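> Take this structure first; my questions come after.
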Amino acid sequence: MPKFPTVSVLSLAVALAAGAQESIAPLPAPPAPPSGRMAPRPTAPAITAGDLRSRLYVYADDSMGGREFATEANTRATAWIAEQAKRIGLLPGGENGGWFQVLPVIMRPLDETRVIATDAGPLGWWTDLVPRDQGPGARAIDGVPTIFAGTWGTPNMITDAQAAGKVVIVLPNAANPQNTQVPGATINRGLVSARYKSAAGILVPTLERIPAEVRASLREPLMLMKSDDPTSPRPSFMYAAAAVGRQLMGAAVESLQPGATGKALRGNIVYDERPISSPARNVIGILPGSNPGLKGQYVAVGAHNDHVGTHGPAVDHDSLYLFLHMFQPLGADMNAPKLTPGQQARFASALDSVRKLRPARLDSIYNGADDDGSGTVTILEVAEALAAARVKPQRSIIFVWHTGEEAGLFGSAWFTDHPTVSRDSIVAQVNIDMVGRGDPWDIVGGKPGYLQAIGSRRLSTELGALVESVNTEKKHGISFDYQYDANGHPQQYYCRSDHYMYARYGIPIVFFSTGGHPDYHQLTDEPAYIDYDHMAQVANYVLDLVQAIANLDHRVVVDKPRPDPRGQCVQ
Ligand SMILES: [Zn+2]
């Protein structure tokens with residue numbers, strides 16, 4: 001039996017329950033895509049929906065294990081990309097003449113053999129104390145006095161000067177959470193570390209208020225890239241049980257006035273540094289330019305090769321799909337809504353109609369077909385068409401499949417800090433992330449040819465104009481949505497994907513995406529729900545845009561201020 005026997009069952013159920021959506025603008029039910037998987041077959045030079053489908057069913061298959069950064073599954077996925085790049089005739093553009101650029105990723109597990117204690121005795125890791133890794137620059141806290149700062153975001157908190165060299169005890173503020181995981185229990189670590197940058201440590205005594213699954217996620221060791229930049233010192237950070245606060249301050253912390261001082265902790269928070277077991281690597285392929293005078297310049301084309309791995313425990317695919325398409329149109333970009341009794345009844349009846357047709361199918365793999373399997377295979381298809389073209393672009397094209405995007409733009413940060421071609425020779429970057437959806441049942445405003453364009457005019461007016469003119473002159477029928485490019489847009493897409501790592505160095509970029517949908521960062525982001533004709537339309541457009549940039553008789557003109565490469569990105 002094919003993997004998704006009759007997806008129309010799901011769309012039927014969604015249609016049945018269409019009336020159920022009471023939260024955000026209802027999305028129409030998705031149509032039934034062709035059922036069954038597609039056996040991989042040789043691809044042709046021309047860009048076709050069939051080639052895109054053939055590759056995506058391989059790249060986003062369960063066997064790729066969700067391609068999480070710094071795992072064996074991601075390493076395997078990058079090997080597949082390199083094999084494809086070689087087959088279509090690109091040249092290796094990585095390190096040492098190879099296809100890859102390996103990131104010096106280290107894992108920093110906590111050294112649990114160390115002891116931290118108060119006068120009342122040693123504290124239990126994860127039960128009394130949950131440290132958060134502030135990186136190699138975190139300050140020592142052994143024997144350092146404590147001081148109560150107050151409640152976060154209230155006017156009478158102590159100053160950084162008062163906190164200097166001490167362990168600061170801060171209470172979170174449910175009324176003023178400022179983008180933290182559990183309002184009233186956790187605190188925005190970046191903001192509090194900036195506020196008390198001179199403190200030796202920050203202790204938040206609300207461990208009991210943090211739900212068990214969140215507490216479990218806080219145990220994940222930090223992964224970072226071993227960098228040669230000196231690390232700037234910063235305060236250590238820990239959540240602690242309320243009792244620890246009481247032991248240090250001699251009273252319940254909630255009863256104290258800001259500025260109250262207390263006893264010291266004994267011992268330090270220490271992390272080991274271990275290399276990761278499987279190489280985390282960018283894949284880089286080059287198509288040399290045909291013009292001797294211009295082939296030393298590069299148009300960079302990018303996508304990311306990683307996704308978010310697996311989910312434990314496995315869940316039933318169909319009920320998740322139904323729930324998302326009925327009540328959670330933004331997928332992981334919104335919290336799962338609490339259903340009203342009416343909604344629960346409708347959901348149950350929709351699921352019933354599916355159960356009549358087939359049993360539950362357990363799913364635990366984030367296939368990331370759209371994110372960013374679609375970008376990965378789209379730029380492979382663009383590369384194949386360019387490599388097979390009789391007339392090659394005048395400038396060279398460098399294709400970079402970045403790793404670690406989901407973990408924090410690791411691959412693109414490393415590539416642009418340590419490019420394998422001179423950074424100055426990169427004239428522009430075209431970034432593709434999630435171009436497999438964009439239909440009316442995926443996003444408000446979705447339609448054939450729908451494409452979000454972000455950043456095209458932020459460094460170069462000319463690039464912005466080229467994005468438009470290639471579409472009109474070559475009659476691609478792309479309908480651009482620029483709303484996500486607005487300054488201050490809450491989604492901050494300009495800062496949220498790999499293109500910004502190029503833009504920060506003053507390289508003009510344009511980022512294309514067909515946007516969010518109910519399956520975003522969900523187990524249901526699978527190849528069966530991808531719109532391959534839409535994707536082929538985008539790929540053909542990108543092909544022409546890349547050629548247009550590569551064949552300009554001058555470098556794309558940068559006429560806007562260049563950001564500080566080390567500065568904070570704000571859209
Ligand atoms: Zn992505």
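The values are calculated or read from the model by the stated rules, or taken from the named source; none is laboratory data. Keep in mind it's a predicted model, so treat the numbers as computed, not measured. Here the Cβ positions follow ideal geometry from the backbone for every residue, glycine too, while neighbour counts run over all protein chains shown. Remember, those area values only see protein heavy atoms, side chains included, never the ligands or the DNA or RNA. Shrake-Rupley method; radii C 1.70, N 1.55, O 1.52, S 1.80 Å.
> Of these, P508, P518, which one is within 22 Å of the chain's Cα centre (by Cα), buried (at least 24 other Cβ atoms within 10 Å of the Cβ) and under 30 Å from L320 (Cβ atoms)?
P518
> Would you please name the residue that is farthest from the ligand (Cβ to nearest atom), looking only at residues in region 392-405 that are of a type outside the set (F, W, Y) and within 18 Å of V102 (Cβ to Cβ)?
Restricting to residues being of a type outside the set (F, W, Y) and within 18 Å of V102 (Cβ to Cβ), the top hit is I398.
> Please return the ranges of helices (runs of 4 or more DSSP H) entirely within region 1-114 where 3 or more residues are open to solvent by 20 Å² or more (accessible area, probe 1.4 Å) and at pLDDT below 95.
The helices (runs of 4 or more DSSP H) meeting that bar are 8-16.
> Enumerate the pairs (first residue in region 423-449 and under 14 Å from A536 (Cβ atoms) and open to solvent by less than 10 Å² (accessible area, probe 1.4 Å); second residue anywhere and of a type in the set (S, T, N, Q) and in a loop (DSSP other than H, G, I, E, B)) with beta-carbon separation below 7 Å, excluding pairs fewer than 6 apart on the same chain, so at least 6 apart or on different chains.
V435/T514; G436/T514; R437/T514; G438/T514
> On to the next question. Being within 16 Å of the ligand (Cβ to nearest atom), at pLDDT below 95 and within 30 Å of R496 (Cβ to Cβ), is that true of even one residue in region 332-351? Explain how you work it out, then say what you get.
Initial filter on region 332-351 (within 16 Å of the ligand (Cβ to nearest atom)): 332-333.
Add one more test, that the residue is at pLDDT below 95, and what stays is 332-333.
If we keep only those that are within 30 Å of R496 (Cβ to Cβ) as well, we get 332-333.
Yes.
> Could you look through region 262-289, keep only residues that are in contact with a helix residue (DSSP H, G or I) (Cβ under 8 Å, 6 or more places away or on another chain) and assigned to a strand (DSSP E or B), and pick out the one that is farthest from I147 (Cα to Cα)?
Among those residues, the one meeting the criterion is L287.
> Tell me the residue from S278, S255, S232 that is under 26 Å from the mean Cα position of the chain (by Cα) and surrounded by fewer than 12 Cβ atoms within 10 Å (Cβ to Cβ), please.
On the way: S278 fails: surrounded by fewer than 12 Cβ atoms within 10 Å (Cβ to Cβ); S255 fails: under 26 Å from the mean Cα position of the chain (by Cα).
One residue alone meets the criteria, S232.
> Listed residues A389, A413; which is within 16 Å of the ligand (Cβ to nearest atom) and open to solvent by 10 Å² or more (accessible area, probe 1.4 Å)?
A413
> List the number of the failed condition for R215; all other conditions in (1) touching a residue at least 60 places away in the same chain (Cβ under 8 Å); (2) assigned to a helix (DSSP H, G or I); (3) surrounded by fewer than 16 Cβ atoms within 10 Å (Cβ to Cβ) hold.
(3)
> Okay, next question. Kindly indicate whether L191 is aliphatic (A, V, I, L, M) and under 27 Å from the mean Cα position of the chain (by Cα). Step through it out loud before you land on a result.
Values: aliphatic (A, V, I, L, M): yes; under 27 Å from the mean Cα position of the chain (by Cα): yes.
Considered against the rule, which asks whether it is aliphatic (A, V, I, L, M) and under 27 Å from the mean Cα position of the chain (by Cα), L191 comes out as yes.
> So, one more: Scan V283, V270, V299 and give me the residue that is aliphatic (A, V, I, L, M) and farther than 30 Å from L552 by Cα.
Just a single option satisfies the conditions, and that option is V270.
> Mind listing just one residue for me: the one in region 290-309 that is over 20 Å from F410 (Cα atoms) and not hydrophobic (A, V, I, L, M, F, W, C) and, of those, nearest to the ligand (Cβ to nearest atom)? Show your work before the answer.
Within region 290-309, the subset over 20 Å from F410 (Cα atoms) is 290-299.
If we keep only those that are not hydrophobic (A, V, I, L, M, F, W, C) too, we end up with 290-293, 295-298.
Details: S290: 32, N291: 33, P292: 37, G293: 36, K295: 31, G296: 31, Q297: 28, Y298: 23 Å.
Restricting to residues being over 20 Å from F410 (Cα atoms) and not hydrophobic (A, V, I, L, M, F, W, C), the top hit is Y298.
> What pairs come up if the first residue lies in region 186-206 and is more than 12 Å from I147 (Cα to Cα), the second is in a strand (DSSP E or B) and of a type in the set (K, R), and their beta carbons are under 8 Å apart, counting only those six or more places apart or on different chains?
Pairs that qualify, where the first residue is more than 12 Å from I147 (Cα to Cα) and the partner is in a strand (DSSP E or B) and of a type in the set (K, R), are R189/R132; S193/R234; K197/R234.
> Considering each residue of region 332-360, count those that are of a type outside the set (K, R), part of a loop (DSSP other than H, G, I, E, B) and open to solvent by less than 50 Å² (accessible area, probe 1.4 Å), and give that number.
Looking only at that region, the number is 3.
> Just the residues that are of a type in the set (A, V, I, L, M) and either surrounded by fewer than 24 Cβ atoms within 10 Å (Cβ to Cβ) or away from the ligand (no atom under 16 Å from the Cβ) (or both), please, taken from region 361-379.
Listed by number, the residues that qualify are L362, I365.
> Taking the residues in region 525-563 that are crowded, with 23+ Cβ neighbours inside 10 Å and of a type in the set (D, E, K, R) as candidates, determine which candidate is nearest to the chain's Cα centre (by Cα).
Per the criteria, the residue is D525.
> Under 24 Å from I443 (Cβ atoms), assigned by TED's automatic domain parsing to the domain that holds L543 and of a type in the set (D, E, K, R): is that true of D333 in this structure?
Values: under 24 Å from I443 (Cβ atoms): yes; assigned by TED's automatic domain parsing to the domain that holds L543: no; of a type in the set (D, E, K, R): yes.
In short, no.
> Scan region 310-331 for residues that are open to solvent by 40 Å² or more (accessible area, probe 1.4 Å) and in contact (Cβ under 8 Å) with a residue 60 or more places away in the chain and jot them down.
Selection gives T310, H311, V315, L330.
> Right, A303: in a strand (DSSP E or B), open to solvent by less than 50 Å² (accessible area, probe 1.4 Å) and touching a residue at least 60 places away in the same chain (Cβ under 8 Å) or not?
yes
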